[in-house]
Every structure is written in C-alpha cells, then in structure tokens.
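Note sheet for the following structure.
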Amino acid sequence: MPVSAAGYLRIASTDTSAWMDFGTKVLGLMDAQIEDGAGARFLRMDDHPFRFMIEANDTDGLIATGLEYPSEAAWKNTLDGLTGEGHTVTMGSVEEAQRRCVSAFATVQDPADNTLELYWGRKLDYVPMTSPTGVSAFVTTYQQAGDMGFGHCVLPAPDIEASTDFYLRFIGTGLTDTLYPPGMGGLKINFMHANNPRQHSVALFGGPHPLGVVHIMVEAQTLDDVGATLDRAKKSGSHFLATLGRHVNDNMCSAYILAPGGIAVEYGYDGVLIDWENYVPTVSVEGDLWGHEYNFPGMDE
C-alpha cells in the first residue's frame, strides 16, 4: 500500500478573505502567511507548511486533493502503473512543486473526474503551529507511525465501482468500510485508508456533488477543542449542517459546519486508530451511534 496520507487540499473560493476568517477565527487554523504569486492564501494545522490552499476563483469548490507517497520510488511506481494502464498523468513543473512545498508531483483524474495531485517529499519549514483561537492541537500524526495527513475528504463517485477499483489498484488505498446510509435508496459510501492508522483518508460517495467534495474533516485533540469551536461557529453565524454526534465506523465525535462557499467541514475528536495487519473490512448500515441531526441549506427550520 504505497499511499501514505491525504496531505493537502486546494480549495477554490469566491471570497478568500471570508474563507481565511472562517479557517482562523472559527476552526482555529493558522494563517501560514506564505507569499504566493497567484494570490492564494494558506492554512496550516501542524508542522507542514500548509494543509489547505485557498485560491481565488469565480466558483467555490474543491480543486484538487494532494496524496502523499513515502518515497520517490513508490511515487514513480504509482505513476508507471497509471500510465501503463492508459491513464493520463501530467507532471508538475518545478515551480508548481515549490508552490506546494513538495519535491515533485503529478496530476491525474480519477474515474469521477476528481483531480488528484500525487506527490512525494513534503518540505517542512519547522515553523511552530500556533492556533489563533487556542486549539490545543490537531491530530495529524501518531507516535512512530508518522504523518496521518490533514484528516480526510469524501469525494463524489457516481460510478463507485470504477472509482473504488481505481483507488485500490492504482492509488494504493485499502478498503476499510462500506456504508449503506439509511433512507438513501441503496446508495453506498466506500471508506478508504492510507498507510497510516487513520480509519479513512479518502471516502467515495456513490453520487455527484456540485462542489466536487461531500465534506472534509479535521480532527482536534480534545472534546473541549471541539466544543469551543462549535461555540465560535454559532457566534459567527455559520450554518451547522449536522449537530454533534458520533459515527459508527470511525468513532469520530463531530459536528459539520459549512465554510464560506458551501463546503462542509466535519470538525471532530476521538477518531479510532487501526492496526491494518489483521483488519477485515466491515459493512455498515447505520451511520451514527447518536446525534448528527442534519439540516441541509434550504430545509425548513
């Protein structure tokens, strides 16, 4: 399993200042203050130079998911496997790699046309992460297991079988759980793990989504961090897509908040960590142990 983690996201925004205010003042992420010739803004949550690149655009949504590989050799083997099966792989320039603070990257589209940036060699700057709101820490590493990435993202995949096969065969994820959410007519979600203990780094949702991402997740270190964040979100007038609850499959205690432009951010704590050596993928027919009452925009209050 070559893929190490979901390392970063590139997010398109019609109001980058509003996104940065939400990221820093509500979520408690740090403004990385990286100068960018294209005018992007950057949010960091740990010792990585950034985890979220916020780019000015005429529309809102996900631009690309950055997936990390443990070495140049593993990265090249992945690219060779993709090109060998006819997938178009576009190498990133040296300048664009520098912009992403990586040694090298290449771009590929998955079967649902989600853009993936496959990279190796993240360049750390060792600037301490300081949360402007006092979040104690974000969970991105685990003991000697190393980086676990920013959290996870759930990508649309209308042809979920083709997409799942692509991630298993070429990207190097493993299947963790298949969820059939109640009341959704047989639609399923496949949860995919990388080579780290996080229950999933990418999930595939068996349908379309106008923003190119169903939600993204960041995990704080304590329940108090989550509670304080929810208080800030409420005070700021942010829309709660889901109230506090706990998921069945990854044990995450979380709530969902809409960022400016509509991307849902799951803000959680206490996600399960798994030893994959003897793990058997599960099938779930319930999404939550408790909570997570959903309120989609436009629903009657």
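Each reported figure results from applying straightforward, stated rules to the coordinates on display, with no laboratory input. Predicted, not measured: the structure shown is a model, and the values here were computed from it. Note that each Cβ is placed from the backbone with ideal geometry, even for glycine, and that neighbours are counted across all protein chains shown.
Values computed for the structure shown
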read-out: Percent of Cα-Cα distances greater than 22 Å, calculated over region 13-165; value: 47
read-out: Computed over region 5-291: relative contact order in percent, which uses C-alpha pairs under 8 Å that are six or more apart; value: 18
read-out: Amide hydrogen neighbours beyond the local backbone of PHE105, cut-off 5 Å, H modeled; value: GLY92
read-out: Net length gained if the chain between ILE34 and GLN109 were fully extended (0.36 nm per residue, minus Cα distance); value: 24.3 nm
read-out: Packing-based exposure ordering (other Cβ within 10 Å, fewest first) of LYS188, LYS234; value: LYS234, LYS188
read-out: Within straight-line cross-link reach of LYS25, lysines at Cα separation under 27 Å, skipping those fewer than 8 residues along the same chain; value: LYS123, LYS234, LYS235
read-out: Karplus (6.51, -1.76, 1.60) ³J(HN,Hα), θ = phi - 60°, over region 280-285, in Hz, Gly and Pro reported as x; value: 10, x, 10, 10, 10, 10
read-out: Exposure proxy order (Cβ contacts within 10 Å, fewest to most) of GLU55, GLU68; value: GLU55, GLU68
read-out: Distant-in-sequence amide H partners of TYR8 (H built 1.01 Å from N, under 5 Å); value: GLY66
read-out: Over the chain: helical MRE at 222 nm, DSSP H runs n ≥ 4 each giving -39500 (n - 2.57), nearest 500; value: -4500 deg cm²/dmol
read-out: Taking the convex hull of Cα positions in region 5-291, its mean projected area over all directions (nm²); value: 14.3
read-out: Packing-based exposure ordering (other Cβ within 10 Å, fewest first) of HIS209, HIS152; value: HIS209, HIS152
read-out: Computed lengthening from HIS239 to THR14, 0.36 nm per intervening residue step minus Cα-Cα distance; value: 79.2 nm
read-out: Long-range amide H partners of THR282 with built H, under 5 Å; value: ASP177, THR178
read-out: Cα gyration tensor shape for region 126-240, rounded if a/c is under 1.5, else prolate or oblate; value: oblate
read-out: For region 267-279, 3J(HN,Hα) per residue [Karplus equation, 6.51 cos²θ - 1.76 cosθ + 1.60, θ = phi - 60°, Hz, x = Gly/Pro]; value: 10, x, 7, 6, x, 5, 10, 10, 8, 7, 4, 10, 7
read-out: Residue-count net charge about ASP224 - beta-carbon cut-off 15 Å; Lys, Arg +1, Asp, Glu -1; value: -3
